[in-house]
1. When a/c reaches 1.5 or more, the comparison of a/b and b/c decides; with that in mind, is the range 98-143 rounded, prolate or oblate per its Cα gyration tensor?
2. Loop by DSSP (not H, G, I, E, B), at most 10 other beta-carbon atoms within 10 Å: where is the longest site-free stretch of the chain for GluC sites (Glu not before Pro)?
3. Apply the a/c threshold of 1.5 to the C-alpha gyration tensor of the range 19-116 and tell me whether it is rounded, prolate or oblate.
4. Would you mind working out the magnitude of the charge dipole of the range 1-116 relative to its Cα centre, with +1 at each Lys and Arg C-beta and -1 at each Asp and Glu C-beta, to the nearest 20 Debye?
5. Whole number in Å², please: accessible area per residue of the chain, 1.4 Å probe, ligands, DNA and RNA not counted.
6. Asp78 accessible area, nearest 10 Å², 1.4 Å probe?
7. Quick one: dipole size for the chain, taken about the Cα centre, charges +1 on Lys/Arg Cβ and -1 on Asp/Glu Cβ, in debye to the nearest 20.
8. When the chain is fully extended, how far beyond the present Cα-Cα distance does Val216 get from Glu138, taking 0.36 nm per residue of separation?
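The values are calculated or read from the model by the stated rules, or taken from the named source; none is laboratory data. Computed from a predicted model, the values in this text were never measured in an experiment. Glycine gets a Cβ as well: all are built from the backbone with ideal geometry, and neighbour counts include every protein chain shown. Accessible surface areas use protein heavy atoms only, side chains included; no ligands, DNA or RNA. Shrake-Rupley method; radii C 1.70, N 1.55, O 1.52, S 1.80 Å.
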Amino acid sequence: MPDSSFFAEMALELHAEATMADTLARIVEFAQQALACDQAGILLVHSRTRLETMLATNDAVERSHELQRKLDEGPCLDAIEGEPVYVSGDVEADPRWQRWGSEVAPLGLRSVISVRLASQNRRYGSLNLYSHRTHAWEDGDVEVAQVFARHASVAVATSHQEDGLKVAADTRNLIGQAQGIIMERFEIDADRAFAVLSRVSQQRNIKLRALAEDLVRNRADSELFKLPG
């Protein structure tokens, strides 16, 4: 197991990375240094059938993720929906994922550790570490993999939060522009303009953001929403 100085250096370097993608790439690099890990991948999941390979160190890892989606089985998926960690020293002989293991082993992925990526409120995906050898893992490897997964989880969660904040800011901006259009067109104040938007949104069962976006895009069409004065 790496010593404390290894993890201290890792934390400093990860903190210095500018983007989630860069951070995740560095996490995989550190994992390959610290473990008997030949290949690695990060799988993000939006639903059981909608998966995104955020990172794969080679084509075999990419294929591993594709097969799990196709066969609906495998440790990367189970780490998201079942226990937080799955370990196998011989995927070809592992009875838990017989179809997936029989197709992945010939690709050179023989041992695997899959660890859930999650925050307190959300599950994002899994960090998946592979070895070309069977029974490659040693005592302490799972705990080390969990350390890397925690760092990866923070990176993914931070990215999602930033995306959410950007969407919220964009929404506020659109609604403000739509209010301005309505205020000018009908000579009403901001509160009445927002009330008009809200009423039309409810009456037509259209989300407020979509309504505002459409109005801003088509502002020349004064009859677009048949807005009252």
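1. oblate
2. Here the longest segment lacking exposed loop sites spans 1-186.
3. Here the range 19-116 falls in the oblate category.
4. In total the dipole reaches around 360 debye.
5. Per-residue accessible area for the chain comes out at 53 Å².
6. Counting only protein heavy atoms, Asp78 exposes about 40 Å² to solvent.
7. So the dipole magnitude of the chain works out to roughly 1240 debye.
8. Full extension of this stretch gives 22.1 nm more.
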